[in-house]
Each structure stands twice: as structure tokens, then as C-alpha cells.
């Protein structure tokens, strides 16, 4: 069955900055956040994994559209690493979407039409200087600061 939420067209963008953090968490803390058809992807059956991905995009648009038709957004995704066994018994691995956030209502609106990412709008921003990258949002209670490595 065709659904607009199943990514009906490819997207392209440029990543100004991308920061992905993955945390090991006691499986008990995450098990109730996923549906019964999934199982946590664990290490030693004790540790489960959750990731936060933050991306500052430039000219995000449908593939093959001109750059001027694109928009700049900050996208943040919160995901849990999971496993799934399909009807033929094949074991699959993937990410279960907890939620996604963006800094613009336009992205939240269209993102929720064309994906299952569950976008909300927040005040997220990237701040960069020579020494560090700061990702912050008062509304989402997020403050991440990392040292920036400059490759020359």
C-alpha cells in the first residue's frame, strides 16, 4: 500500500555540521520505550543503545531540485538501536524513532507528511567557534558542548 509517509522521493542536502552521540544504557531503562514486535539490540544482554543525532543542513530539498529551492534546517533525532525478525525469519537491525525535532515549522509540517519521524518544532541552534560546537535548546532541555577538532 502506498503511503506518503514512506519517503515517496529522495532528498538531498549539505551537512554544515553533524554531531551524533551514542550512549550505552541499562536495557531495563529502554525496554518499555519500544513496541513488543521489536527487541533491544544489546551488548552482553545488559546494555542497550540510544543515539542522538544533530544535523545543521543547508539547501535541503527533493533530489534534483535546484539548490535555491532548498531550505536550511537543524534536525535532531532520538533513536534506540533495535532488532526485528521478519515473517521469513530473517533477523534485521535498525533504529526505532522516539522523536525528531527541527528548528522550523515548515520542516515539521512537511516532515510529518512524508516520513514517520514524528517531528516537533523547537528552538534548537548550533553555535560553533574555533574550539567547540554547542548544540542547545531551552524548550527541549538540551545543552551539548564538544571540543571541535580542526583537521588541517
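Every read-out reported here was derived from the displayed coordinates using simple, explicitly stated rules and does not represent laboratory data. Note that the structure is predicted; figures quoted are calculated from it, not measured. When we count neighbours, we look across all protein chains shown, and the Cβ atoms used for this are built from the backbone with ideal geometry, even at glycine.
Brief remarks follow.
- Chain lengthening between residue 28 and residue 109 when straightened (0.36 nm per residue, less Cα-Cα): 25.8 nm
- The stretch 11-147, relative contact order in percent, only Cα pairs under 8 angstrom and at least six apart counted: 17
- Of the two radii for the stretch 72-138, the radius of gyration is 1.13 times the Kirkwood radius, both from the alpha carbons; that is the Rg over Rh value.
- Secondary-structure-derived ellipticity at 222 nm for the chain, considering helices only, amounts to -2500 deg cm²/dmol, per-run term -39500 (n - 2.57) for DSSP H runs with n ≥ 4.
- Given their separation in residues at 0.36 nm each and the Cα-Cα distance between them, residue 12 and residue 127 gain 39.1 nm when the chain is fully extended.
- With Cα atoms defining each centre, the stretch 71-112 and the stretch 15-45 are spaced 12 Å apart in the structure.
- Normalised by 2.2 N^0.38 Å, where N counts its residues, the alpha-carbon radius of gyration of the chain equals 1.16.
- Each DSSP beta bridge with both residues in the chain is either parallel or antiparallel, and the antiparallel ones are about 95%.
- Here the simple spin-label model places points 7 Å from the Cα toward Cβ, and for residue 97 and residue 148 these points are separated by 3.0 nm.
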